[in-house]
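The values are calculated or read from the model by the stated rules, or taken from the named source; none is laboratory data. Bear in mind the structure is a predicted one, so any value in this text is a computation, not a measurement. Positions of Cβ are backbone-derived with ideal geometry, glycine not excepted, and every protein chain shown enters the neighbour counts.
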Amino acid sequence: MYRDLRRLRVTPRGFVSPTRGVERSQGDTHRTVQVSVKDVQHLLAACRLSRNRKLAAIVAMACTTGWRLGSLQALRWRDLDLSAGFADTQRTKNGTPHRAVLLPWVLDELKRIEPAPPNRDDLVFGKKDFRKTWQTALALANLPTDWTFHHCRHIAASVLAQSGASVPAILGLLNHKSPSMALRYSHLKTQTLRDGLTRAWA
């Protein structure tokens, strides 16, 4: 921010940034999670046991699309095309619209909560706080109970990376403008690369 202010010549002459000498953060690599598809399946099974009938659907969508909670809670039925299998959002952190592909089993979860007939202007998930039911589902699935809902975004990227997906593919999933954030998941591809090399040189 201070760099931009200097560039715009808004700061007074001789201004010294209060962040001078503060080391740049090395990134929140501790939030890069490594989970299996089976872990996610266990989590969804736990979510289906919840009294919150929408919990499994919002978790399924978050773990596969990487959408943030704000985008999911702003989603309306008109933003979904359940026959074509995609969802659109105009509300993203970097200010750009984003289209996400919905896998068949995610579509099944959404169809379970779809009203008949749906009001196209109604929110799909709404703004209800579901932190307690989320924590309960994590415990039932034997996953760390200190995970926040934002971990679903990291799960989406991690599962994709472990499958051998390229950085541009992860970048597209997360809707990041810069590859630096997507690159932190590249270390999860190590085993996939090793398996590929082993097959190639067998």
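Numbers below:
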read-out: Residue among W77, W67 that is over 11 Å from the mean Cα position of the chain (by Cα) and touching a residue at least 12 places away in the same chain (Cβ under 8 Å); value: W77
read-out: Within region 109-139, tally of residues that are part of a helix (DSSP H, G or I), within 23 Å of T89 (Cα to Cα) and not charged (D, E, K, R); value: 2
read-out: Number of the condition not met by T148 [criteria: (1) under 24 Å from H42 (Cβ atoms); (2) touching a Ser or Thr at 6+ places or on another chain (Cβ under 8 Å); (3) not charged (D, E, K, R)]; value: (2)
read-out: From L107, L171, L80, L123, residue being within 16 Å of Q41 (Cα to Cα) and of a type outside the set (D, E); value: L107
read-out: Failed item, numbered, when G21 is tested on (1) surrounded by fewer than 18 Cβ atoms within 10 Å (Cβ to Cβ); (2) modelled with pLDDT of 95 or more; value: (2)
read-out: Residue match in region 177-191 (condition: assigned to a helix (DSSP H, G or I), over 30 Å from P97 (Cβ atoms) and at pLDDT 70 or above); value: no
read-out: Region 140-173, residues that are in contact (Cβ under 8 Å) with a residue 24 or more places away in the chain, among the aliphatic types (A, V, I, L, M), out of contact with any Gly (no Cβ under 9 Å at 6 or more places or on another chain) and not in a loop (DSSP other than H, G, I, E, B); value: L140, V159, A161
read-out: Any hit, region 140-149, residues being closer than 14 Å to I58 by Cα, crowded, with 19+ Cβ neighbours inside 10 Å and either over 17 Å from the mean Cα position of the chain (by Cα) or modelled with pLDDT of 90 or more (or both); value: no
